[in-house]
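Enquirer: What follows is a single structure, and I will ask about it in a moment.
We did not get these values from a lab; they are worked out from the coordinates using the rules stated. None of the values given here were measured: they were computed from a predicted structure. Cβ sites come from the backbone with ideal geometry, for glycine too, and all protein chains shown count toward neighbours.
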Amino acid sequence: MSSRRLPTVKQLTYIVALDAERHFGRAAEKCFISQSAFSVAIRELEKLMGVQLADRTNKSVVLTAEGRLFAERARVVIEEIEAMVNAVASGGAPLSGKLKLGVIPTIAPFVLPALLARLRHSYPDLQLFIREEQTDRIYQELLAGELDLLLLALPWPLRQAQTRVLFSDPFQLAYQASTTRIDPANYNPETLPDGSVLLLEDGHCLREHALSACQLGASSAINNFKGSSLQTLVQMVDADLGVTYLPDIACRSNLLDGTSVQTVALGHTASREIGLAWRSGSARVQEFNLLGDELIVAYRQLVGTG
């Protein structure tokens, strides 16, 4: 066995925080120590490793190639340690202990209630912490080690991550019942009137998936006004300001209750894929797949096929 001194778990945590924040002050605050003590700790780590891990400027920090590699491996080690602690504390039972799940807003309210009900019954020792936010944000938190797993819509560019597709979620055309803007029975994306399609604002992956799946591209039919949520889109459609595309899982909820909004299916070719994503090399892949299995069952119950 090598007698070389090894980094401590605390030092690994510090370099991961620095990689995530790219700022000594914010990283130190995240680790609950002073900035001066944090800087000393990083320098001690660099001395221990015999290599510079970070390039420092007055305004920002950029990890060197060695620093990025070290931080990436440090995340894996920390996750392994957390998995070990959870396994021992739970007697080795799967899906027990803490699991931090990031979910996008166009999935969370429609799938999570059924999932949580199943998990409470099948895995009562699981402590599931849920973070609801747009894809880019939860993806960055996944890479930073702040989240363990993501439930999101695919495809999406996810480097350093593995994914598993769970089910397909078709889009439905949503319109006001008495609208004269379109003929729902003879819907054709190529003949939509200018400015007639309402979509979510930039940053929501649903916008990109709807544009692609519903064959809109750079169509003049897209309205410049952008909604901040599905609820906002539904209210605009209900006022007959335009039409939109809603995920099937949303249409099966109470989202349209109290409105005059109707929907028509566009076929399974116009759909998005719902799946899980986790950091490459994660030690908890088996648990993540178990959660994926539960999500598939919850979805089948939602759509009446389970």
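Enquirer: Projected onto the charge dipole of the chain (+1 at Lys/Arg Cβ, -1 at Asp/Glu Cβ, origin at the Cα centre), which of ALA270, THR57, LEU302 gives the Cα projection farthest towards the positive end?
Expert: The Cα lying farthest towards the positive end belongs to THR57.
Enquirer: Specify the residue with the greatest mean-square fluctuation among THR135, THR179, THR106, computed from a Gaussian network of the chain linking alpha-carbon atoms under 10 Å apart.
Expert: THR179
Enquirer: Given labels modelled 7 Å from the Cα in the Cβ direction, how far is it in nm from GLU201 to ASP240?
Expert: Label at GLU201, label at ASP240, 2.8 nm between them.
Enquirer: So what's the net charge close to SER282: Lys and Arg +1, Asp and Glu -1, counting the other residues with Cβ under 10 Å from its Cβ?
Expert: Counting the neighbours of SER282, the net charge comes to -1.
Enquirer: Mind putting a number on the dipole of the stretch 168-271 about its Cα centre? Charges go on the C-beta only, +1 for Lys and Arg and -1 for Asp and Glu, and I need it in Debye to the nearest 20.
Expert: 40 debye
Enquirer: What ³J(HN,Hα) values, in whole Hz, does the Karplus curve 6.51 cos²θ - 1.76 cosθ + 1.60 give for the stretch 187-201 when θ = phi - 60°, with x put for Gly and Pro?
Expert: The phi angles translate into 4, 9, x, 7, 10, 5, x, 4, x, 8, 9, 9, 9, 6, 5 Hz.
Enquirer: Tell me, Kirkwood radius of the chain from alpha-carbon pair distances, in Å?
Expert: Evaluated on the chain, it is 21.8 Å.
Enquirer: Taking the chain as a Gaussian network, Cα atoms linked when under 10 Å apart, which of SER280, SER212, SER36 shows the biggest mean-square fluctuation?
Expert: It is SER36.
Enquirer: What net charge do the residues around ILE107 carry, taking every other residue with its C-beta under 12 Å from that of ILE107, with Lys and Arg at +1 and Asp and Glu at -1?
Expert: Overall, the nearby charge balance is -4.
Enquirer: Along the charge dipole of the chain, Cβ charges K/R +1 and D/E -1, which of TYR175, TRP156, THR191 sits furthest on the positive end?
Expert: Positive-end residue among those listed: TRP156.
Enquirer: Test of understanding: in a Gaussian network model of the chain with alpha carbons linked when under 10 Å, which of VAL111, VAL62, VAL165 would top the mean-square fluctuation ranking?
Expert: Residue with maximal mean-square fluctuation among VAL111, VAL62, VAL165: VAL62.
Enquirer: Ok, one more. Over the chain, what relative contact order in percent results from Cα pairs under 8 Å that are six or more residues apart?
Expert: 21 percent.
Enquirer: Once you sort the root eigenvalues of the Cα gyration tensor of the stretch 105-217 as a ≥ b ≥ c, which label holds: rounded (a/c under 1.5), prolate (a/b larger than b/c) or oblate (the other case)?
Expert: Because a/c hits 1.5 or more and a/b exceeds b/c, the stretch 105-217 counts as prolate.
Enquirer: What does the net charge come to around GLU44 if you take all other residues with beta carbon closer than 14 Å to its beta carbon, with K and R at +1 and D and E at -1?
Expert: The answer is +3.
Enquirer: A follow-up question, please. For the stretch 180-185, in order, what is each residue's ³J(HN,Hα) by Karplus, 6.51 cos²θ - 1.76 cosθ + 1.60 with θ = phi - 60°, in whole Hz (x at glycine and Pro)?
Expert: 10, 5, 9, 10, x, 6
Enquirer: Among SER229, ALA108, SER280, whose Cα lies farthest out toward the positive end of the dipole of the chain, if unit charges sit on the beta carbon of Lys, Arg (+1) and Asp, Glu (-1)?
Expert: SER280
Enquirer: What value, in deg cm²/dmol to 500, does the helix sum -39500 (n - 2.57) over DSSP H runs of n ≥ 4 give at 222 nm once divided by the residues of the chain?
Expert: My calculation for the chain gives -13000 deg cm²/dmol from helical runs alone.
Enquirer: Quick check on packing: order 237-246, 17-26, 185-194 by the mean number of other C-beta atoms within 10 Å, highest mean leading.
Expert: Answer by packing, highest mean first, reads 237-246, 17-26, 185-194.
Enquirer: Starting from the coordinates of the alpha-carbon atoms of the stretch 9-78, obtain the Kirkwood hydrodynamic radius over all distinct pairs and give the value in Å to one decimal.
Expert: For the stretch 9-78, inverting the mean 1/r across all distinct Cα pairs yields 11.7 Å.
Enquirer: Counting Lys and Arg as +1 and Asp and Glu as -1, each charge on the Cβ, what is the dipole of the chain about the Cα centre in debye, to the nearest 20?
Expert: About 1120 debye.
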